[in-house]
Amino acid sequence: MHVKNRGWAFIAMIFKSVLAARLWLIAYVVLIIIPASIFLYAYSQRYSHILEEEVTRSMLQTLKQAEINLDHQFDNLRDTSNTLFLNPKLMQYLSNSTPYNEQIDAMKELRYLIDNGQTSTNVFRVRLYVDENKLFSHERVNFFPMDELKARPWYEAIVKAGGHLVWTGVYNEKFIDRDDAYIYSGIRLLRDPDHYGDLSGFLSIDVDAKTLDNMVSSIVLNKDQRVFMIAPDGTIIYHSDKSLLGQKLESDAVLQAVASKNEGVSPIMEDGNQQYVVFTTVDATGWKLVAEVPKKGINSRAASLNQFSSVATLTGVTVLFLILVFILLAFIVRGMNRRVQTVIRAIKREGMPGLEERSITSDGDFNLLEKSVDHLIHRVKDLMEETYKSKVQEREAQLRALQAQINPHFLYNTLDTINWIAIGHKAHDISQMIDGLARYFRLSLNKGRDVVTVTDELELAKVYLEIQQSRFPKSFEFVFELAGNDESDEAKKVGPTIESCLIPKLTLQPIVENALLHGIRKSKGKTGKITIRASIEGEDLLLSVSDDGIGMDPDFAQTLLTEPRPAMRTDGSGSSYGLYNVNERIRLFSGEAYGLSIVSQLGEGTTITARFQVQR
């Protein structure tokens, strides 16, 4: 019974809170719900419009890329036509004054040129239309009587062009030596070289229509798209439906949309459906490459996302406000002063300077709390800044201290080797040695910078190994393998190349030094091979150094990464201290999850892999 009474009391308290908050609810509806609804509707419409613009702009760029590819193909075909057109053997064959024996000689050369032209991947067939009295004019593979071309619909346009290349649309052609095929042709008029005013023939460069099919099929704008090509007069030049070839485009809306400019995006209404016409002009031919895309397919997803976002936002705001009204208002007023007093007492216990003096003023608890919290925030901010600066300084000091630990014996050994080469051989090798050493120091010092590109680090390792090859001639060889380093435009969009990645300076050289001095030079024959590999796996950059030297015990190999080994040998062969150094530097540079790993077995060589987080 007591629990029931408490429940009714709680309900009554909430009801009273609702009555007390009715003005809040009215203000919420007028000042929040209505303006928020208007804002969300306007935002949804604007977002849909922007999305449509971005999508159609992307479609136009895709279409323009296809147009560039077409222009490039037409330029190549024009060059092929020009090569044949300017050939003196063709002029000799076309001349009406050329005797038959010279025509036969010219035909041999022409046959060779035609066969070469047809080897191009874009050229389907080369055809010559000549006077029927010419030799081989009735061959009907590459040579045809000139009168056969007069029945073609584009004959008048070719004659008016006066020798310029005229492109036909796609049409079906019959061949005696193969199956019928859909082709399009670039045809030009040929004149008698001895009597320039006389027409002596036509040169046709035929292209398989499948080349257009391949280019158009690569254009992906929308699953309901229609892509075709039309001539300036509206004649369909290319269409996936071959029955429409050569016909006038029936859609006046499309013709009006593409007639005013060379490229663009225009909304149209066709058969009661809203569509976008995306078009561009192929400069080499004047044809329009046109794509019809239904508007519904573009903005349906945007509309659904907008609707979901708007409803979810409005519902969330409403629910949140109701929760605050029906629950928090019932307790917030009663508990506010108690909580303020609790906070003030907590601040007093922490020894807030001057708080006791301010507590006797007439500002009130809220003003006192506000001033106290403001003072605490400033103190915390100052402490955080001091802590951050000290951490940064500590990290920089660690990096510089670790990078400064370079084995000086390499410098001494190199200079000593140069001296003995000069004394023992009196050769010009000393110049090469000095140049290599200068390159080494230039790369290793790197103008004082602590971070270098992978390109510079690989070059430093290469210079080091070349110097050591002079020191130990014919004792080892080395190779570099760079994997996954695609320099295409598409690869650049995906991510960084290996050469552009950044790593700490002098990371690879100590590993290479260990491979040479501790792997190969300690083997029985003191000869071997060093392989340096670089690759990118996801977000990680991998650099590995492998040698086929003496190898080491796996347990001992792991201690090289966890225990510093500062002792250096007097013979200059070095120690494995550099591996611990490099491992710590990588972890400071990329994080605790990165560093070195060693795979080795006695007598089977060693592979040391450095893993970095990719940074450009």
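Brief remarks on what is shown
- Ranked 146, 59, criterion: other C-beta atoms within 10 Å, fewest first: 146, 59
- For residue 615, distant residues with modelled amide H under 5 Å away: 502
- Positive contributions from Lys and Arg (+1) and negative ones from Asp and Glu (-1), summed over other residues with Cβ under 10 Å from the Cβ of residue 180, come out at 0.
- Here the range 120-176 and the range 218-294 have alpha carbon centers that stand 28 Å from each other.
- Fewest-first ranking of 239, 425, using other Cβ atoms within 10 Å as the exposure measure: 425, 239
- Taking other Cβ atoms within 10 Å as a rough exposure proxy, 183, 176 sort from fewest to most as 176, 183.
None of the figures in this text is laboratory data; all of them are computed from the coordinates on show. Keep in mind the model is a prediction, meaning the values are calculated, not measured. Ideal geometry is used to build each Cβ from the backbone, glycine not excepted, and the neighbour counts take in all protein chains shown.
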